[in-house]
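Where a number appears in this text, it was derived from the coordinates with a stated rule and is not lab data. Computed from a predicted model, the values in this text were never measured in an experiment. Ideal geometry is used to build each Cβ from the backbone, glycine not excepted, and the neighbour counts take in all protein chains shown.
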Amino acid sequence: MKLGIISDIHGNIEALETVVEFLRGKGVTDFACCGDIVGYGPDPNRCIEAVREMNCICVAGNHDYATVGETSIDGFNRAAKQAVLWTRAQLTEPNRRFLENLPITAEDAGLFIVHSSPSAPEDWEYVLTVPDADDEMDHYPGGVCVVGHSHQPFAVERLPGKMPRQFRDDVFDIRPDGKYFINAGSVGQPRDGDPRACCLLFDDGNQVMTRYRVPYDILAVETRIRAAGLPEYLASRLELGR
Ligand code: ZN
């Protein structure tokens, strides 16, 4: 089975549709989403509906829960807060209920799925360094944890008796004796300097993980962000990938 792993869509339907079509073209039949379907972007309902229609296991992100009042927006910056309130006003009732009922963690194809960190999923901490990823490895069953949240692709492997190491390559083997902490990057708002949508493909037959970057129509989203009256910064940052 080929599993597409996506995260941090953030109401960006252009990026989501492009990534899903790309992954299906690679033979993907099932999907997992590490949260933040909404927030920042202009198409929250369409993104939720697309996720609901895909064969997709999805966990809650802080923006998903914030939008339905299940987590506080006190720590959000001004643009993020404004986008949460805007998104809340747009949601249809079935989509609101869908976000409310998202689980905080899930398991699929042997992977542990959570938005931020397995050690404290609802504290919304960022795991950005190899030592922090190493600590997190003691907090999930199985070998592989996939997360989102930072919008920065990141992968760490720990093999028995060895120091953990970060993968720089886009393709790597998942070894049965290894522990892996992998950030899927962001579909709808990458922040690693590469504006292309980011996604992963996990082939559970040969246990290979592959990261892809997929170009999509950024200008179309920017136009829709401005038309919705969302903060200008949320539009201009997309083409910078920051
Ligand atoms: Zn996010």
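A few notes on this one:
- If you take all other residues with their beta carbon under 12 Å from the beta carbon of residue 66, and give Lys and Arg +1 and Asp and Glu -1, the sum is -4.
- Mean Cα-pair separation over length for the range 1-113, i.e. relative contact order, pairs under 8 Å, 6 or more apart, %: 27
- Shown for 63, 151: other C-beta atoms within 10 Å of each C-beta, ranked fewest to most, produce the order 151, 63.
- Remark: the range 26-37, residue by residue, has Karplus-estimated 3J(HN,Hα) of 8, x, 6, 10, 10, 10, 10, 10, 8, x, 6, 5 Hz, where x stands for each Gly or Pro and the curve is 6.51 cos²θ - 1.76 cosθ + 1.60 at θ = phi - 60°.
- With neighbours defined as other Cβ atoms within 10 Å of a residue's Cβ, the residues 127, 214 order from fewest to most as 214, 127.
- Cα shape, the range 131-198, gyration tensor, a/c 1.5 rule: prolate
- An oblate overall shape is assigned to the range 39-134, the ratio a/c of its alpha-carbon gyration tensor axes (a ≥ b ≥ c) being 1.5 or greater and a/b not exceeding b/c.
- Trypsin sites (Lys or Arg not before Pro) lying in DSSP loop within the range 145-193, provided at most 14 other Cβ fall within 10 Å: 162, 168
- Here the range 1-136 is treated with +1 on each Lys and Arg Cβ and -1 on each Asp and Glu Cβ, and its dipole about the Cα centre works out to around 560 debye.
- Residues 3, 102 arranged by fewest to most Cβ contacts within 10 Å: 102, 3
- GNM flexibility winner over the chain from 143, 75, 61 (Cα, springs under 10 Å): 75
- Tilt relative to the chain, helix 13-25 - C-alpha long axis, 0 to 90 degrees, to 10: 40
- Our note on the geometry: Cα centres of the range 88-116 and the range 130-183, 23 Å apart.
- Principal-axis tilt of helix 44-53 within the chain, Cα atoms, nearest 10 degrees: 40
- Here is the size of the chain from its Cα atoms: Rg then Dmax, 16.7, 55 Å.
- Scanning residues 5 or more positions from residue 204 or on other chains, those with amide H under 5 Å from its amide H are 3, with H placed 1.01 Å from N in the peptide plane.
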